[in-house]
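**Student:** Take this structure first; my questions come after.
Computed from the coordinates by the stated procedures, all read-outs in this text should not be read as laboratory data. Keep in mind the model is a prediction, meaning the values are calculated, not measured. As a convention, Cβ positions derive from the backbone with ideal geometry for all residues, glycine included, and neighbour counts pool all protein chains shown.
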Amino acid sequence: MSLPVLGPLIAAAVMLFLRRLSAQRFVSFMTLGVSLVASATTFVNIWDDGVIRVVRMSGWPGSFAITLVADRLAATMVLVATIVVTIVLAYATGQRAPDERSSFYHPVYMVMTAGISQAFLAGDLFNLFVAFEILLMASYVLLTLEGTNEQVRAGTTYVVLNILESMVLLMAIGLVFAATGTVSMAELPARLAELPDGVRMGLQLLLLVAFGIKAAVFPLFFWLPDSYPTAPSSVSAVFAGLLTKVGVYCLIRTQTLLFPGELGNVVIVIGAATMLVGVLGAISHRDMKRILSFQIVSSIGYMLFGLGIGGSAAIAATIFYLIHHIPVKTSLFLVEGIVARDSGSSSPDVVSGMARRSPILAVLFLVPALSLAGLPPFSGFLAKFAIVRAGVVDAQWVGIVVALVVSLLTLVSMVKIWVGVFWGDVEPAAKVSTVGVLRHQRLMGVSTGMIVALSLAIAVAAGPLYEFATLAAEQLLDVAGYVNAVRSA
Amino acid sequence: MTFIRSAILDELVDRWLSKVAALVALYVTFRGHNAPGGGFAGGLVLGGVFVLQFLTGREPHLRHRPIRRPTMLLGAGLLMALGTTAVPLFVDAAPLESHIWKPDIPVIGEVKVVSSMFFDLGVFMVVVAVVLMMLLSLGARGSSLVGDDGGEVS
Amino acid sequence: MSLSLLILVGVLFSVGTYLLMERSLTRVALGVGVLGNAVNLLIVAAGSRPDEAPIIGRSGELTDPLPQALVLTAIVIGFALLSFVLALAWRNWSITENDEVEDDLEDRIVARRAEKNSKRGDVPHHEDVEQ
């Protein structure tokens, strides 16, 4: 179970000795393959019996040791993350971007993979902080690897904001420790419950702010659409698909394990505002990558809305949305990368008529785009339907209206991309040949196709998957089960 | 290119400060198990020596030091630290679990060796490597952008 | 937790936050350092009682060593963050020959469009639109 964390780290260390790119690529894919098998095994085992797996560092008893804890949600997230990371790396290899050829790209990418897995598996707050730092440090490097002016500018915003987030998180952890004398997530629920209301709320707000910055929640989202578009497409695809989800995952943990059901209304309001602001930003921009980046913010709002409602149905809907959103958003960014590589830019001022030149690429864009906008029969429709249904049960009418309007506006922003980039005549000024957008970029095309297929698979297998999400949600709400599993390990 | 041109400083740093500091660094690293110190502190002390050497204008010295490629040192340090994490997994122990050997060495007597010492050594190497890499990429290239009189080259 | 430490933490926090909001990247880097120290000090001060050390072999009571361990880790991470910001500042300086963080291009485009659209007298409050 510790393999998805340890493996990539060891691989990163080994790769520092390898000078040849092909050797580095080989080590990367081998490692990811091994982690894939390991995380799939853990996932299947937990799917079977639902027993929480715990790994303790240095052999201390459960609530003292640094622990890695895998429950249903964590195991699923690790598996999905490993799959996405692997496919995107294949894409990056096919893209042959200048940064992938740097001798640091592969080691840093591995470190980021390890950080993401560790964040999902962390069993205590401080371990979570360390995991955050590992993945953030790697993401800083990946974002600015080319070192162009634009990247340095955007990287600065990203780095400073995320350092601020780290400081707030660290402060929150320090204060939690001062108040309760522990940072173990298994011991915290009981100890936090004994605290006076004011102290507890203060600690919760600090944690929410810290994770909220990471998840790009209103009003702390502005760094995201600023920085993501400047990274190479393969990098921003992983960022878009996974990094903000780590923040959402931590918010889910905070709201279910540490402070179950508290401040739900605040989270709902923030969620609704995030949805709205994100989609308005998406509509006001023209650049494809910018629009996609703002849509991330708006999707985060949906997850927060579901999380704020609470209860097993709403949490299950949130989990389903979380899982569906990862491949959908990643594939949109990957399509953008293919367009940008073919025409030198993905701005509608430069590109048009992409659908005529490559119908396959148009389909690869259309499927996740419609899914994100929430049109049936795609996975996005099911995810949004589940969240709205949970809202109806809880009578959150304002939130539901916002969710539906935002869904429509998301479609509008997608249409904007479609009209600008894919429809219309082929730009006569384009120096590229009129055929074979994908022919020269086969590996990129295939890996994008695989992610799109993954999102379609989620739609097809929605029934069992939703059942699984319900089980995962029930396990999340069963705080005593988590505590006992870690204590008795 | 020199930042501080002073024969005394040069002599002082190069002749004995660097050697003494290197010894101190090792001492700090190895006492880390039961007393304040450890790999990070030791690495910083040795890193400080390299920075001092750089500041006294021994920048070419940096290029000809025994460690040509700090990247390798970084990798070795990481491997060592991660190895201490992973090896216990193969002998059915928890990751990072430490083991204590107490071998009798003829002259010195009983020596206590803890497996977590290798972790500390790994950290030591990583810190030294990072300082060297910073000096190489920022210091050496940075100083080429600055004129000899300290002013900027346009 | 002693009052003097608390005041020091407060001062460091305000200094760090102020520096972080500057446009100059060198000051931002300094702010990151100061802010990191503030947080570390806060954890040590809040997490353990004064006059007690977590060192084996000393007389007197032992305090909980966990905050020290946390802070040690945090210091290492802070070291890495600070060096990254410095590298970023250096890169920025070697490209643009100044130390300032520039405005975002797309943001300026949007702001300009917003200004064109508002045909009435109220001009949007973006000072740097006309550049």
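**Student:** What list do you get for A:SER293, A:SER347, A:SER284 if you sort them by fewest beta carbons within 10 Å? Provide the component values of the computation, followed by the final result.
**Tutor:** Numbers: A:SER293 27, A:SER347 17, A:SER284 14.
Lowest count first: A:SER284, A:SER347, A:SER293.
**Student:** Tabulate in residue order the Karplus-calculated ³J(HN,Hα) for the range C:81-97, using 6.51 cos²θ - 1.76 cosθ + 1.60 with θ = phi - 60°, rounded to whole Hz; enter x for Gly and Pro.
**Tutor:** Per residue, the Karplus-derived 3J(HN,Hα) values read 4, 4, 5, 5, 4, 4, 4, 5, 4, 4, 4, 4, 5, 6, 8, 9, 6 Hz.
**Student:** I would also like to ask the following. As a footprinting exposure proxy, order A:GLU150, A:GLU187 by other Cβ within 10 Å, with the fewest listed first.
**Tutor:** Details: A:GLU150 14, A:GLU187 19.
Ranking A:GLU150, A:GLU187 by Cβ neighbours within 10 Å, fewest first, gives A:GLU150, A:GLU187.
**Student:** Percent of Cα-Cα pairs per 20 Å bin, from 0 to the last occupied bin, for the range A:3-487, please list those.
**Tutor:** So the P(r) values, bin by bin, are 25, 60, 15, 0.
**Student:** Now, a different point. For the protein assembly as shown, what does the helix formula give at 222 nm: sum of -39500 (n - 2.57) over DSSP H segments with n ≥ 4, over the residue count, nearest 500 deg cm²/dmol?
**Tutor:** My calculation for the protein assembly as shown gives -22500 deg cm²/dmol from helical runs alone.
**Student:** Which is the longest run of chain A containing none of the trypsin sites (Lys or Arg not before Pro) found in DSSP loop states (not H, G, I, E, B) with at most 15 other C-beta atoms within 10 Å?
**Tutor:** Value returned for the longest uninterrupted segment is A:102-430.
**Student:** What Kirkwood radius, in Å to one decimal, follows from the Cα pairs of the range A:239-339?
**Tutor:** 13.9
**Student:** With Cβ to Cβ distances under 13 Å as the rule, what net charge do the other residues near A:ILE163 carry (K, R +1; D, E -1)?
**Tutor:** Numbers: positive: A:LYS214; negative: A:GLU133, A:GLU165.
It works out to a net charge of -1.
**Student:** Return B:MET134, A:MET275, A:MET1 ranked ascending by Cβ neighbour count within 10 Å, so the fewest neighbours appear first. Can you show the working numbers first?
**Tutor:** Working: B:MET134 18, A:MET275 28, A:MET1 22.
Fewest to most other Cβ atoms nearby, the residues stand as B:MET134, A:MET1, A:MET275.
**Student:** Okay, moving on. To the nearest Å, what is the center-to-center distance of the range C:65-90 and the range A:203-229, using C-alpha atoms only?
**Tutor:** Taking the Cα centre of the range A:203-229 as reference, the centre of the range C:65-90 is 21 Å away.
**Student:** Given labels modelled 7 Å from the Cα in the Cβ direction, how far is it in nm from C:SER4 to A:LEU404?
**Tutor:** 6.5
**Student:** Using only the alpha-carbon atoms, how far is helix A:397-417 inclined from the longest principal axis of chain A? Give it as 0 to 90 degrees, nearest 10.
**Tutor:** Long axis of A:397-417 versus the principal axis of chain A: about 30 degrees.
**Student:** Take the cross-link list A:LYS245/A:LYS416; A:LYS214/A:LYS289; A:LYS384/A:LYS416; A:LYS384/C:LYS116 and give me the ones stretching past 31 Å between alpha-carbons.
**Tutor:** As for pairs spanning more than 31 Å Cα to Cα, those are A:LYS384/C:LYS116.
**Student:** Considering the options A:THR148, A:ILE400, A:PHE294, tell which one lies farthest towards the positive end of the dipole of the range A:3-487, charges being +1 on Lys and Arg and -1 on Asp and Glu at the Cβ, about the Cα centre.
**Tutor:** Of the listed residues, the answer is A:THR148.
**Student:** Now, a different point. To the nearest 20 debye, what is the magnitude of the charge dipole of the protein assembly as shown about its Cα centre, counting +1 on the Cβ of each Lys and Arg and -1 on the Cβ of each Asp and Glu?
**Tutor:** The dipole magnitude comes to about 1620 debye.
**Student:** Which angle between 0 and 90 degrees, to the nearest 10, do you get for helix A:125-143 versus the longest principal axis of chain A when only C-alpha atoms count?
**Tutor:** The answer is roughly 10 degrees.
**Student:** Among the lysines, select those whose C-alpha is under 21 Å from the C-alpha of B:LYS102, and discard any that sit fewer than 8 residues away in the same chain.
**Tutor:** B:LYS102 reaches B:LYS112.
**Student:** Hey, what do the phi angles of the range A:464-478 turn into as Karplus ³J(HN,Hα) couplings, whole Hz, using 6.51/-1.76/1.60 and θ = phi - 60°, x for Gly and Pro?
**Tutor:** x, 5, 5, 4, 5, 4, 5, 4, 4, 5, 5, 5, 5, 6, 8
**Student:** Hey, another quick one. Given a Förster radius of 56 Å and the C-beta distance between B:LYS19 and A:LEU263 as r, what FRET efficiency does 1/(1 + (r/R0)^6) yield to the nearest 0.05?
**Tutor:** E(calc), rounded to 0.05, equals 0.40.
**Student:** Something else about it: Find the centroid of the Cα atoms in the range A:75-123 and in the range A:1-54, then give the distance between the two in whole Å.
**Tutor:** Computed from Cα coordinates, the inter-centre distance equals 10 Å.
**Student:** How many angstrom lie between the C-alpha centres of the range A:232-275 and the range A:458-479?
**Tutor:** The distance from the Cα centre of the range A:232-275 to that of the range A:458-479 comes to 18 Å.
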